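Contents: one structure, followed by commentary.
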Amino acid sequence: MTLKLVIGNKTYSSWSLRPWLALKVKGIAFDEQVVPLYEGDWKAALLEASPAGKVPVLLDAGTVVWDSLAILEYLADRHPTLRLWPSEAEARTRARCIAAEMHSGFTALRSAMPMNCRKDLSGKVTVEGALAADVARVQAIWRDTRAEFGAGGPFLFGGFTAADAMYAPVVTRFRTYGVAVDEPCGDYMQAVLDLPAMQEWYADAAAEPWTIPHAEV
């Protein structure tokens, strides 16, 4: 039975992007259901899929998995040969640490720079204070991880892992808001943006008819 991933609008839903991208990059077959957030009976539709009533939700026969990081862990357990986490223990530990940090932190970044894959909002947000600290921390994570573990390819741990899926929405935010980054971080961002799956996500977002006014800057 094919997996089904319930997601929100591709323009705005950063949490939906994470498992969607991992599934696509790793070649795991799935069906997707887009629930346009804040449109019609969207909340009822989500509560039908998950007790949390939020996106994303992964449905695997009788198993319901909600929350982006939980879905990534579930996929890693189900598909160990695809190496959603690095195979080497130290790298795997680092990957889980930075993924968890992304999952629970960076509130200033999330608040000031909502994900928007349809617009160029360069210069619309001043990077200062807590936001500047978040931006600097993200870049430090990318630089340090690439320097220590990324020799085998263009991603944080060489090949694409769940950690890259967790940071992909930040890549989109930095692009949307024209955040200045150093060369190593720019190279990493470009590698993520060049993924065919990311290009597919952007194309789908551009074709969406819905707008969420409070998510617009």
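The values are calculated or read from the model by the stated rules, or taken from the named source; none is laboratory data. Since this is a predicted model, take the numbers as computed values, not measurements. As a convention, Cβ positions derive from the backbone with ideal geometry for all residues, glycine included, and neighbour counts pool all protein chains shown. Heavy atoms of the whole protein, side chains included, go into the accessibility calculation; ligands, DNA and RNA do not. Shrake-Rupley method; radii C 1.70, N 1.55, O 1.52, S 1.80 Å.
Checking each residue in region 143-178 for being farther than 23 Å from SER87 by Cβ, open to solvent by less than 20 Å² (accessible area, probe 1.4 Å) and not aromatic (Phe, Trp, Tyr) picks out PRO169, VAL170, VAL171, THR172, ARG173, THR176. Just one residue in the set PRO56, PRO80 is closer than 30 Å to GLY153 by Cα and touching a Ser or Thr at 6+ places or on another chain (Cβ under 8 Å); that residue is PRO56. Which ones in region 95-122 are open to solvent by less than 70 Å² (accessible area, probe 1.4 Å) and out of contact with any Leu (no Cβ under 8 Å at 6 or more places or on another chain)? Selection gives GLU101, MET102, GLY105, PHE106, ARG110, PRO114, ASN116, CYS117, LEU121, SER122.
Cβ-Cβ distances below 6 Å connect the following pairs, each with a first residue in region 5-33 that is closer than 27 Å to SER111 by Cα and aliphatic (A, V, I, L, M), a second residue that is assigned to a strand (DSSP E or B) and open to solvent by less than 10 Å² (accessible area, probe 1.4 Å), and a separation of six or more residues or different chains: LEU5/LEU58; VAL6/VAL57.
Would you check if PRO86 is in contact with a helix residue (DSSP H, G or I) (Cβ under 7 Å, 6 or more places away or on another chain) and either polar (S, T, N, Q) or within 23 Å of ALA215 (Cβ to Cβ) (or both)? Against the criterion (in contact with a helix residue (DSSP H, G or I) (Cβ under 7 Å, 6 or more places away or on another chain) and either polar (S, T, N, Q) or within 23 Å of ALA215 (Cβ to Cβ) (or both)), PRO86 does not qualify. If you go through region 179-201 and keep only what is part of a helix (DSSP H, G or I), touching a residue at least 40 places away in the same chain (Cβ under 8 Å) and crowded, with 16+ Cβ neighbours inside 10 Å, you end up with CYS185, TYR188, ALA197, MET198, TRP201. Among the residues making up region 120-135, those that are touching a residue at least 40 places away in the same chain (Cβ under 8 Å) and either part of a helix (DSSP H, G or I) or of a type outside the set (Asp, Glu) (or both) are LEU121, SER122, GLY123, LYS124, VAL125, VAL127, VAL135. Residue count for region 120-140, restricted to those that are of a type in the set (S, T, N, Q) and within 8 Å of TYR177 (Cβ to Cβ): 1.
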